[in-house]
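Since every read-out is calculated from the coordinates, none of them should be taken as a lab result. Small disclaimer: the values here were computed from a predicted structure and weren't measured. Every residue, glycine as well, gets a Cβ built from its backbone with ideal geometry; the counts of neighbours run over all protein chains shown.
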Amino acid sequence: MATRRVGHEPRRDRVRALDGIRGVSVLAVLAFHGGITWARGGFLGVDAFFVLSGYLITTLLLAEWQRTGRIVMVAFWARRARRLLPAVLLLVATVTLAARYLVPVEERRPLPGDGLAALFYVANWRMALRGGDYFTDTAGPSPLEHTWSLGVEEQFYLLCPILVLGVLLAARRPLRALLAVAVLGAVASSLELALVYDPAAPGRSYYGTDTRASSLLVGVALAVALTAAAPVRGHPQRVADRRMARWLSGGLALAGVVFLGWAWTHATGGDRWLYHGGILLAALAVAAVLANLAIAPDGLAARMLSVPLLPALGLVSYGVYLWHWPVFLVVDGQRTGLMGTPLWLLRCAITIAIACASYLLVERPIRHLRGLQPTRVTFAAAAAALVAVALLPFAPGLEPPPPQASGGAIADAQPVGGLQRLLADQTKSPQAHPLGTGNTGGSRVVTAAAPRRWRPGTPLVVDVFGDSLPWSLVQALPAWRGIDVRDRTILGCGIVLSAPYQYFGQTYPHVYRICRGWSGHWRQALTNDHPHLAVVMVGRWETMTRMFHGRWRAVGDPVYDGYLRRRLHHAIEVAGSTGARVVLATLPYNRRGERPDGGLFPEDEPARVTAWNRLLPQVAAHHPGVAVLDIGHRISPEDKYTATAGGYLMRTDGLHFAPDGVHHWVAPWLYPRLVRLAIR
């Protein structure tokens, strides 16, 4: 029986073609996240890594079994920890420290949990339970979101040796039994993926270890099949058999490459067929290529995958994958002024440079450091490092407290518009009277008269209507003597109802149900409040691309502009129905997020905001007494998007208002104007 020191991996030469597969796969992921048009399905590169991991790990375990008659699982896990954990520790520490300066305040709050999930390799379940959608999330993505795939792999690394050893010890024909378990497991996982998949909420099916295990198990099955088919020593295969195997594997590999080429360039994350066998088919295609490399190591596929740059990229592919996502988020179009291919090349260059440094200075030295070879030392060091980095997110100053709005505003984890809160309160208490004063979101109920004209010296009541943009404004306004600003917003709702519409590059079939009755909801709030001023701040949903009269249209299209004017006329009539003076607030320029290539999504194009703001005075001119409040220029004084104004942070996520800017820059400007507008 061969002997070796526990903790050492068997010495073996790297297979350049396998590194080539890693290089191609990570390149597909980089292209997908970089918005390269020919890589729409590049996210399937992750599944190629899954197949390769299942194949290589199982091959190593079977080789150890055949060589020594046992599998030392603790040593296996220690090797995996030395190989993978140092780079993850460095990533989490760097992201956590850098987030203080580079990530908007409200997007930092999930980071401690994301960091812990990444360190303990359960990020995929955190994403799944959070209900996110990898392809359509419109909120700012977490810099650690991509670690979900590491969680799937590490959970596999934990369970795979137990499964393999258990079957090898229990079965009379261990390889045949192990092959059956792997095949049945892959089929079961694929079936579960199809059953769990929900187009409206695909996160659970996309992130789940159980639903994504099919690719890993395909790799396991391939390793077992090739091990079982290997010629017994002293009984070489006949030349004809070897030639036939080469031709057959070559044909299957060619078919696999063709399918992968099509899928990586045409598939999208919302394609139902992917969840109904497509991902399994992609895994089988990768397995076909791997089988050909094993059977014909000097064949055409092996030579093509050994082109020098591919194995070199594959050698550092782990680091490239780890660092590419936070780098892509930081190195964006706004900071660099680039977009498209130039931006992608810059991102890739920075990512590869960091990955190479990580490989040379961290990963490789730790793997070969003699002091870390003994298993106990490895686990002790890993545990200490885990604890140290896990505490980083909670270090003083790294995680600011939630912003507290003045005037008693409510800062909810899941924000609710003031009008939504009013409707909910009245549903619970049908006898409720008008809401109380102050920026309270409407928790206190009092009776109130129905003033139509404001008399100086009496409280000025202002109702603010709109969506989450004015919601963030009202929530951050400080209390102001004599002025009662009431949040009457409905989050996610404008005044347009045409659908389907496009937002963040995705198409949505319907407007939210509550939005369909916005005019009735406004009237209800007006009847409760009897405000002197009704401030209408809409436009975000109105600048989106929508299907109207059989065509996709947006503001600036004459036909669609006519529709927008009619909706504005109606909004003015509703807002002034109780005698309040109507004030139309202009829209600031926004940059809620970037397309993967660094460009703007259509709804954030400056021309659309400008066109919308020009519509407001045109419509207001038809309604005597209606005023236009140019708050958009106050927030975007350079007539383009800026995160700051007057030296204060104005925008937290490219759209919503920052409390500090509202308190010091907007409020001193806004309140005197409201008073002047109320005097008529």
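Relative contact order, percent, of segment 418-678 when contacts are C-alpha pairs under 8 Å separated by at least 6 residues?
For segment 418-678, the relative contact order is 19 percent.
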Value of Rg to Rh for segment 16-394 (Rh from inverse mean 1/r over Cα pairs, i.e. Kirkwood): 0.96
DSSP-defined antiparallel bridges as percent of all bridges, segment 418-678, nearest 5: 45
Spacing of the two label points (7 Å from each Cα toward its C-beta) at residue 195 and residue 107, in nm: 3.8
Segment 418-678: Cα Rg divided by the 2.2 N^0.38 Å rule of thumb: 0.98
Net charge, residue 316 excluded, C-beta distance under 11 Å - Lys, Arg +1, Asp, Glu -1: 0
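Could you give the alpha-carbon Rg of segment 196-342 over 2.2 N^0.38 Å, rounded to two decimals?
1.33
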Long-range HN-HN contacts of residue 648 with modeled amide H, under 5 Å: none
Burial ranking of peptide ranges 63-70, 199-206 (average Cβ count within 10 Å, highest at the top): 199-206, 63-70
Selection from 101, 245, 65 lying farthest towards where the dipole of segment 16-394 points positive, charges on Cβ: 65
Over segment 16-394, relative contact order from alpha-carbon pairs under 8 Å, at least 6 apart, %: 31
Residue order, fewest to most beta carbons within 10 Å, for 493, 348: 348, 493
Charge tally in the Cβ shell below 12 Å around residue 559, where Lys, Arg are +1 and Asp, Glu are -1, residue 559 excluded: +3
Ranked list, fewest to most other Cβ atoms within 10 Å of each Cβ, for 165, 346, 217: 346, 165, 217
Ranked list, fewest to most other Cβ atoms within 10 Å of each Cβ, for 275, 671: 671, 275
Cα-based shape type of segment 139-204, given that a ≥ b ≥ c are square roots of the gyration tensor eigenvalues and the cut on a/c is 1.5: oblate
Equivalent-ellipsoid semi-axes of segment 497-598, from the Cα gyration tensor, Å, largest first: 28, 15, 14
Label-reachable residues, segment 334-354, where backbone N falls under 12 Å from a point 7 Å from residue 595's Cα toward its Cβ: 339-341
Interchain or long-range residues, amide H under 5 Å from residue 417's placed H: 491
Karplus 3J(HN,Hα) series, Hz, for segment 163-176 with 6.51 cos²θ - 1.76 cosθ + 1.60 (x for Gly, Pro): 5, 4, 5, x, 5, 4, 7, 8, 8, 6, 10, x, 5, 5
Lys/Arg +1, Asp/Glu -1 at C-beta; segment 418-678 dipole; positive extreme among 461, 509, 593: 461
